[in-house]
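Trainee: A single structure is presented below for examination.
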Amino acid sequence: MTPKDASTFARKIAGLAPVIPVLVVEDAAHAVPLANALVAGGLPVLEVTLRTPAALEVIRAMADVEGGIPGAGTLLTPADVKAAKAAGARFGVSPGVTERLLDACEDAELPLLAGVATVTEAMWMYERGYDMCKFFPAEANGGASVLKAWHGPLPQVSYCPTGGVTPQNAAEYLSLPNVICVGGSWIANRNLMQAGAWDEIESLARAASALKG
Ligand code: 3PG
């Protein structure tokens, strides 16, 4: 997969809903009801972070949920890329970027939403052929005003800000011309999942899917 194809795919999935839920799932039995709730609430793109022993099984189970597009988050190494692809991930997300990680994703045909935190990293990605990145950690790096400033000299690159994004600040990010969607964990946090609060997760997803800039 070329960087251009990967970026085109990443832009397409990022454009399906204003929010990508960032999911840390401890129990594989939660995968299907969780994905059903999020899809029903209008959030089809599901980032399952590889931070729990259950994560790969969760991706495998979500791959069978109609309307869901599961991806693997927290990709750090080529081995993570291989495991994610084998589990059925349709895309990958990483907190930062390395050449080895990009090589592995391109070889595995796994579109990567790679994290950048500085304009130099965004330029590096653009030079390599990518025009869609994650901005991480968004709030700690200065928030929406940083992406607003980057748009002047580098309007070619678009972002999915993640990290510290909330229902309160999401609209400000989404109003920027270089933001296609945001990522966040507030829609399905640990407590809601452990309580099996699928209806509440669906309501939070519905509110998130209605967010606009
Ligand atoms: C993460 O690192 O888990 C993601 O960036 C989500 O961050 P958030 O919990 O601040 O939404």
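The values are calculated or read from the model by the stated rules, or taken from the named source; none is laboratory data. The shown structure was predicted, so the numbers you read here are calculated from the model rather than taken from an experiment. Backbone-built Cβ (ideal geometry, glycine too); neighbour counts: all protein chains shown. Side chains included, ligands, DNA and RNA excluded: accessible areas come from the protein's heavy atoms. Shrake-Rupley method; radii C 1.70, N 1.55, O 1.52, S 1.80 Å.
Every residue, every condition in (1) in contact with a His (Cβ under 8 Å, 6 or more places away or on another chain); (2) closer than 29 Å to Val119 by Cα; (3) within 16 Å of the ligand (Cβ to nearest atom), yes or no:
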site: Gly73; (1), (2), (3): no, yes, yes
site: Ala83; (1), (2), (3): no, no, no
site: Gly88; (1), (2), (3): no, no, no
site: Pro95; (1), (2), (3): no, yes, yes
site: Arg100; (1), (2), (3): no, yes, no
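Trainee: Can I ask one more? Taking region 173-194, which residues are within 14 Å of Ala138 (Cα to Cα) and open to solvent by 60 Å² or more (accessible area, probe 1.4 Å)?
Mentor: Correct list: Ser185 only.
Trainee: Give me the pairs: first residue in region 181-200 and among the charged types (D, E, K, R), second residue outside any loop (DSSP other than H, G, I, E, B), beta-carbon distance under 9 Å, and six or more apart or on different chains, which are they?
Mentor: Asp199/Ala37; Glu200/Ala37; Glu200/Leu192
Trainee: Filter region 152-172 for residues that are in contact (Cβ under 8 Å) with a residue 12 or more places away in the chain and either over 14 Å from Pro18 (Cβ atoms) or open to solvent by 40 Å² or more (accessible area, probe 1.4 Å) (or both) and give the result.
Mentor: Filtering region 152-172 down to residues in contact (Cβ under 8 Å) with a residue 12 or more places away in the chain leaves 153-167, 169-172.
Pro153, Leu154, Pro155, Gln156, Val157, Gly163, Gly164, Thr166, Pro167, Glu172, listed by residue number.
Trainee: Something else about it: Select from region 112-133 the residues that are touching a Pro at 6+ places or on another chain (Cβ under 7 Å) and open to solvent by less than 50 Å² (accessible area, probe 1.4 Å) and write down the one among them that is farthest from Leu75 (Cα to Cα).
Mentor: The extreme case among them is Gly129.
Trainee: Do we find that Ala207 is within 27 Å of Asp27 (Cβ to Cβ), within 16 Å of the ligand (Cβ to nearest atom) and surrounded by fewer than 23 Cβ atoms within 10 Å (Cβ to Cβ) in this structure?
Mentor: Values: within 27 Å of Asp27 (Cβ to Cβ): yes; within 16 Å of the ligand (Cβ to nearest atom): yes; surrounded by fewer than 23 Cβ atoms within 10 Å (Cβ to Cβ): yes.
It is true that Ala207 is within 27 Å of Asp27 (Cβ to Cβ), within 16 Å of the ligand (Cβ to nearest atom) and surrounded by fewer than 23 Cβ atoms within 10 Å (Cβ to Cβ).
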